[in-house]
């Protein structure tokens with residue numbers, strides 16, 4: 001039995017694995033795709049830390065900006081820990097070899113991102129997340145930490161309220177396997193693919209860890225808070241980094257007007273762009289005035305992506321954009337030590353968790369910070385809290401083997417891919433940037449009407465069956481989507497990324513979180529006031 005099983009190979013998982021190994025633990029990192037294919041690698045703009053290398057800054061300012069962006073829903077204790085841990089996190093990454101841009105004096109360079117009161121985001125051109133992931137991965141190889149790729153998380157193994165590992169579909173062979181561990185860390189990412197065809201996220205961002213916790217009897221929270229990034233390329237939906245605005249890019253409409261302060265928080269900018277679009281005005285980001293030399297130096301990825309995927313040269317042309325789903329603030333509810341409430345021996349970190357630092361709206365540059373600063377913490381905590389546990393029965397393993405066999409033998413009446421695309425459109429329309437009660441309840445009825453027994457797979461091959469993994473991901477999205485809708489209906493106010501057209505103002509009676517959990521076959525929710533969090 002392993003000491004620490006890390007599920008997920010993004011920044012949070014790799015960081016936690018490195019720290020746990022440094023403390024002497026037996027560690028295994030498991031992922032459903034290639035180790036470096038996480039959403040973390042797609043983060044471009046930077047990682048926040050109040051280094052003050054470019055202009056005066058302080059940790060207190062960083063804390064204040066984060067709390068303000070959260071619309072009073074973040075935990076001051078957790079925000080304080082994250083922001084005060086930021087300097088150590090960046091220094092650790094620097095020592096590991098992340099190639100940050102440098103000032104003329106040789107210090108880590110920093111740029112402005114939305115909602116920040118100073119230039120605070122440490123960056124590596126516009127490849128920051130990718131460079132961090134590559135460096136972390138290289139260091140796991142150096143430390144001889146084993147990895148298992150092509151393992152799809154099925155379910156947590158729970159006995160007497162304690163998690164003792166998890167079951168996985170071996171994508172290479174089609175077999176169902178179990179991996180046992182004294183401590184399990186979920187770092188499985190968010191669920192942006194719920195908004196299929198309306199998201200910057202990869203198709204594999206399907207909330208697998210979040211759904212597994214819900215099935216195991218755990219609690220989810222803040223599920224209604226979905227961040228919509230203001231600037232995705234209009235056709236390809238590839239992200240145009242907030243760093244592009246941080247370096248001086250303008251937002252203009254088809255009349256040539258700048259209609260919003262480009263560096264306001266993301267929820268404000270996204271709604272402003274959305275309102276331009278529904279008023280029949282196209283929206284663009286303008287980088288032409290920055291000049292080719294500066295763009296090649298600071299934003300080379302943006303130039304390449306625009307030219308390859310949009311057929312646009314940002315040096316000479318405007319970039320058409322629109323806001324789409326980008327980041328999930330809510331997820332698995334955890335305590336101050338990242339322990340999953342109700343499930344001993346299980347921890348969650350990164351975008352899959354609600355660690356109480358983003359509240360109703362994430363500050364740009366804080367996602368990379370969260371996965372590193374809190375990944376370092378949870379790696380230590382999981383080892384410090386190690387307990388001897390008995391070997392579990394094979395009940396969960398046998399149940400999951402039977403379930404996969406049933407899927408292979410199921411008669412298929414409907415095409416789930418068509419339904420998945422339809423639901424992506426419906427979520428963007430009814431649980432998107434602007435929502436109301438009637439649209440959310442229509443979406444709830446649509447989800448309730450789905451007879452999943454009519455759906456299944458047509459490919460009967462056991463090994464490397466993408467049809468099977470796509471279907472399993474779709475099932476996870478259905479579980480997660482229902483939780484999102486329940487929470488969104490219950491929050492009868494507008495707060496941060498959750499904007500209700502029928503309740504446009506914030507209300508003091510909603511200063512807290514909605515917790516979602518399973519009761520039998522039903523989803524239930526309860527409201528927890530902020531003082532109790």
* Just the Cα atoms of the range 229-323: what Rg and Dmax do they give in Å? -> 12.1, 36
* Pulled fully out, how much extra length does the chain show between residue 524 and residue 149, if you take 0.36 nm times their separation in residues and subtract their Cα-Cα distance? -> 131.5 nm
* By per-residue mean of other Cβ atoms within 10 Å, what is the highest-first order of 268-280, 80-92? -> 80-92, 268-280
* Inter-centroid distance (Cα atoms) of the range 486-527 relative to the range 10-81, Å -> 26
* the range 229-323, relative contact order in percent, only Cα pairs under 8 angstrom and at least six apart counted -> 37
* For the range 286-398: relative contact order, % (alpha-carbon pairs under 8 angstrom, 6 or more apart) -> 17
* Take each of the peptides 349-359, 441-451, average the number of other beta-carbon atoms within 10 Å over its residues, and list them starting from the highest. => 349-359, 441-451
* Asked: Okay, helix-only estimate at 222 nm for the chain: each DSSP H run of n ≥ 4 adds -39500 (n - 2.57), divide by all residues, round to 500 deg cm²/dmol; what do you get?
  -> -11000 deg cm²/dmol
* Asked: Which value in Å does the Kirkwood hydrodynamic radius of the range 208-268 take, with 1/r averaged over all unlike C-alpha pairs and then inverted?
  -> 14.6
* Where in the range 480-496 is the amide nitrogen less than 17 Å from a point lying 7 Å along the Cα-to-Cβ axis of residue 507? -> 486-496
* Asked: Per residue, what volume in Å³ does the convex hull of the Cα atoms of the chain enclose?
  -> 140
* **Label-point gap, in nm, between residue 406 and residue 294 - each point 7 angstrom along Cα→Cβ** => 6.0
* **Added length on full extension, which subtracts the Cα-Cα distance from 0.36 nm per residue, residue 387 to residue 203** => 62.6 nm
* For the range 416-472, compute Rh as the Kirkwood radius over C-alpha pairs and then the Stokes-Einstein diffusion coefficient at 37 °C and 0.692 mPa s; write the answer in µm²/s, rounded to an integer. => 252
* Asked: Counting alpha carbon pairs within less than 8 Å and at least 6 residues apart, what relative contact order, in whole percent, applies to the chain?
  -> 21
* How big is the gap, in Å, between the Cα center of the range 366-419 and the Cα center of the range 144-223? -> 3
* Given the peptides 186-193, 121-128, arrange them by the average over their residues of other C-beta atoms within 10 Å, most packed first. => 186-193, 121-128
* Asked: Full extension from residue 445 to residue 22: what is 0.36 nm times the residue separation minus their Cα-Cα distance, to one decimal in nm?
  -> 147.3 nm
* Expected-Rg normalisation [2.2 N^0.38 Å, Cα atoms] applied to the range 1-145 -> 1.10
* Structure fact -> Of every Cα-Cα pair in the range 381-533, the percentage lying beyond 23 Å is 55
* Structure fact -> Here the percent of antiparallel bridges among DSSP beta bridges lying wholly in the chain, to the nearest 5, is 70
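Laboratory data are not the source of any read-out in this text; all were calculated from the coordinates shown. Everything numeric here is computed off the predicted structure, so don't read it as measured data. So basically every Cβ, Gly included, is an ideal-geometry build from the backbone, and we count neighbours across all protein chains shown.
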